[in-house]
Amino acid sequence: MEDYIETKVKIPFGAKYLDAVFSIPDKMPSYAVILTHGASGDMNFPQLISLANYLASHGFLCLRFTCKSLNLIYRTKAYKAVVDYIRSAGDYKLSGIFIGGRSMGSRAAASVTREADQDNDSFIQGLICLSYPLHRPKLQNKLRDEDLFLIKSPVLFLSGTTDEMCDKQLLEGVAIKMKAPNKVHWIEKANHSMTVKGRTADEISLEINIQVLSWIKEIIL
């Protein structure tokens, strides 16, 4: 495992700035991972910090950012601004990036990935969806799957088996119909917040971190 440092940055977004934190490994990274939060909270959501630092300790440049809007179109535009920022960062010569987030953040990342795939932009290597909100609670007949069916890049889903916003059978059905290569990892008895009675938050975060790192390595190696 490598040492890393954290650096706060402000990313231009129109007339505003997005607060963000780089987790930077000692050795020059070849790949980066961008992460963002759900409808509530911010980039300091514990699972995002844990994942970013874990990946940085294994040689990946990580950037997590805050965008608190509840408007998906706005969140998607903000995410695209972050992708453009890291693409043009002169300090790093990246071979590609992986983008993702939890809940609403993963929906925004999915929209960005879909647009990149349609433009044949290969800079984005894959999509990481933590607690993807496939539907609203108790509204399983209205799925948020439009972007997923148009994505071509690899996708990793990590969801809880008791997630009230992601029915297990429904997500597995969507995954089978997707064109993109994908993997679904279920956290047993976890809800939408990825909490499980009888397990610590650190235990669950480590399970998530190991799955994400293994999946990324399968793609880039």
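The values are calculated or read from the model by the stated rules, or taken from the named source; none is laboratory data. Predicted model, so just to flag it, every value in this text is computed and none were measured. Please note: Cβ atoms are built from the backbone with ideal geometry, for glycine as well, and neighbour counts cover all protein chains shown.
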**OP:** Exactly one condition in (1) buried (at least 24 other Cβ atoms within 10 Å of the Cβ); (2) without any contact (Cβ under 8 Å) to a residue 40 or more places away in the chain; (3) of a type in the set (S, T, N, Q) is not met by T113; state its number.
**Re:** (2)
**OP:** Starting from residues that are surrounded by 17 or more Cβ atoms within 10 Å (Cβ to Cβ) and not small (G, A, S), keep the ones in region 151-161 and report whichever is nearest to R114 (Cα to Cα).
**Re:** I151
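Can you name every residue in region 138-193 that is touching a strand residue (DSSP E or B) at 6+ places or on another chain (Cβ under 6 Å) and more than 20 Å from I124 (Cα to Cα)?
Of all residues in region 138-193, those touching a strand residue (DSSP E or B) at 6+ places or on another chain (Cβ under 6 Å) come to 153-158, 160-161, 166, 175, 180, 182-185, 187, 190-191.
G160, T161, C166, H185, I187, A190, N191 - these are the residues of region 138-193 that are touching a strand residue (DSSP E or B) at 6+ places or on another chain (Cβ under 6 Å) and more than 20 Å from I124 (Cα to Cα).
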Subject >> Any hit, region 129-147, residues being closer than 18 Å to P46 by Cα, more than 19 Å from the chain's Cα centre (by Cα) and at pLDDT 95 or above >> reply: no
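Determine whether region 57-70 contains at least one residue that is closer than 23 Å to K152 by Cβ and in contact (Cβ under 8 Å) with a residue 60 or more places away in the chain. Please lay out each step first, then the result.
Going through region 57-70, the residues closer than 23 Å to K152 by Cβ turn out to be 60.
Filter once more, keeping what is in contact (Cβ under 8 Å) with a residue 60 or more places away in the chain: 60.
Looking through region 57-70, at least one residue is closer than 23 Å to K152 by Cβ and in contact (Cβ under 8 Å) with a residue 60 or more places away in the chain.
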Original post:
Only one of these conditions is not met by Q211: (1) surrounded by 16 or more Cβ atoms within 10 Å (Cβ to Cβ); (2) in a helix (DSSP H, G or I); (3) out of contact with any Leu (no Cβ under 8 Å at 6 or more places or on another chain); (4) not aromatic (F, W, Y). Which number is it?
Top reply: (3)
Subject >> Matching residues in region 184-199 - criterion: being exposed (fewer than 15 other Cβ atoms within 10 Å of the Cβ) and either part of a strand (DSSP E or B) or among the small types (G, A, S) (or both) >> reply: G198
Original post:
Going through region 185-203 one residue at a time, which ones are within 17 Å of the chain's Cα centre (by Cα) and over 19 Å from V33 (Cβ atoms)?
Top reply: W186, I187, H192, S193
